[in-house]
1. Do we have Thr66 as touching a residue at least 60 places away in the same chain (Cβ under 8 Å), among the β-branched types (Val, Ile, Thr) and surrounded by fewer than 16 Cβ atoms within 10 Å (Cβ to Cβ) here?
2. I'd like the full set of residues that are assigned to a loop (DSSP other than H, G, I, E, B) and of a type in the set (A, V, I, L, M, F, W, C), limited to region 52-99.
3. Do any residues in region 171-191 that are within 13 Å of Met67 (Cβ to Cβ) have Cβ atoms under 7 Å from those of residues that are at pLDDT 85 or above and part of a loop (DSSP other than H, G, I, E, B), where the two are at least six apart or on different chains, and which pairs are they?
4. Only one of these is in a helix (DSSP H, G or I) and either loosely packed, with under 13 Cβ neighbours inside 10 Å or touching a Lys or Arg at 6+ places or on another chain (Cβ under 7 Å) (or both): Ala179, Ala151. Name it.
5. Among the numbered criteria (1) more than 21 Å from the chain's Cα centre (by Cα); (2) charged (D, E, K, R); (3) open to solvent by 50 Å² or more (accessible area, probe 1.4 Å), which single criterion is violated by Glu169?
6. Pull up region 127-142, narrow it to residues that are touching a Phe, Trp or Tyr at 6+ places or on another chain (Cβ under 8 Å) and of a type in the set (A, V, I, L, M, F, W, C), then point me to the one that is surrounded by the fewest Cβ atoms within 10 Å (Cβ to Cβ).
7. For Asn164, all conditions in the list (1) among the polar types (S, T, N, Q); (2) part of a loop (DSSP other than H, G, I, E, B); (3) open to solvent by less than 20 Å² (accessible area, probe 1.4 Å) hold save one; what is the number of the exception?
Amino acid sequence: MFNSTLVLFGLVVLNLLLPEGAWAAVPGIEAITVTSNPKGGESYTVTIQILALMTMLTLLPALLLTMTSFTRIMIVLSLLRQALGAQQAPSNQVLLGLSLFLTIFIMMPVLEKINETAVQPYLEEKIDVTTAIDNASEPLKQFMLKQTREADIDMFIRISGKENIDKPEDVPFSLLLPAYVTSELKTAFQIGFLIFLPFLVIDLVVASVLMSMGMMMLSPMIVSLPFKIMLFVLADGWSLVLEMLAASFYV
């Protein structure tokens, strides 16, 4: 189920990026056409749809990252590490893994809806591939619209000159994607600012104490780091941050 959902997810991305009617212009969905040659052998011809899908595989990882909750989570966790002042602890690999699996957890309702409305009916041959792609596109677009600020959508509509859009549901994907990424960046830095505040207070207190004791040659960061780690652990900081990140998405 999960693999089929991911495959259809990639087709959804293609459908959203390609011009309207592009799929209908290409006959057939078969991966390989087998034809017999005069010498008795067989030749194989890959259709244009599969070629387009293989071409889009190079852009698919970037599109998946910018169309899901990964951007916000990764930025917040990176800012958290900087606020702690722990340099490379946790490492980038740990933050990437944590962000990836938290993204799967947050996006699971969307993937389940895509599976129910598009993947399973298509596998049961109840709907064709075009209908499956349209059904799968709707939950993903609704998720992105819920996280995108109207001011960001209006900005890109104004830049593009398309003033005939009456409601957010009519926003084309070419405008929704940059607006969504802009909103995610703004939200991530707002959350990061709130995370920075308690650690900044600790740094100020430690620096003031060291200055009053005349220890100007001792770096406040070295002294404040154990206190920030202790505060973060005692407050169960990782659980609070991950819970806050998951609750910040309206799925």
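The values are calculated or read from the model by the stated rules, or taken from the named source; none is laboratory data. Computed from a predicted structure; not experimentally measured. Note: ideal-geometry Cβ built from the backbone for every residue, glycine included; neighbour counts use all protein chains shown. Accessible surface areas use protein heavy atoms only, side chains included; no ligands, DNA or RNA. Shrake-Rupley method; radii C 1.70, N 1.55, O 1.52, S 1.80 Å.
1. Numbers: touching a residue at least 60 places away in the same chain (Cβ under 8 Å): yes; among the β-branched types (Val, Ile, Thr): yes; surrounded by fewer than 16 Cβ atoms within 10 Å (Cβ to Cβ): yes.
Yes: the conditions hold for Thr66.
2. Our first condition is that a residue be assigned to a loop (DSSP other than H, G, I, E, B); within region 52-99, this holds for 57-59, 67-69, 85-91.
Listed by number, the residues that qualify are Leu57, Leu59, Met67, Ala86, Ala89.
3. As it stands, the answer is Leu176/Thr148; Ala179/Thr148; Tyr180/Thr148; Ser183/Thr148; Ser183/Arg149, since those pairs meet every condition given.
4. Values: Ala179 fails: either loosely packed, with under 13 Cβ neighbours inside 10 Å or touching a Lys or Arg at 6+ places or on another chain (Cβ under 7 Å) (or both).
Criteria check complete, one pass: Ala151.
5. (1)
6. The residue in question is Val129.
7. Condition not satisfied by Asn164: (3).
Conditions (1) open to solvent by 80 Å² or more (accessible area, probe 1.4 Å); (2) touching a Leu at 6+ places or on another chain (Cβ under 8 Å); (3) within 28 Å of Met108 (Cβ to Cβ), marked per residue:
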position: Ser183; (1), (2), (3): no, no, yes
position: Phe227; (1), (2), (3): yes, no, no
position: Trp238; (1), (2), (3): yes, no, yes
position: Ser248; (1), (2), (3): no, no, yes
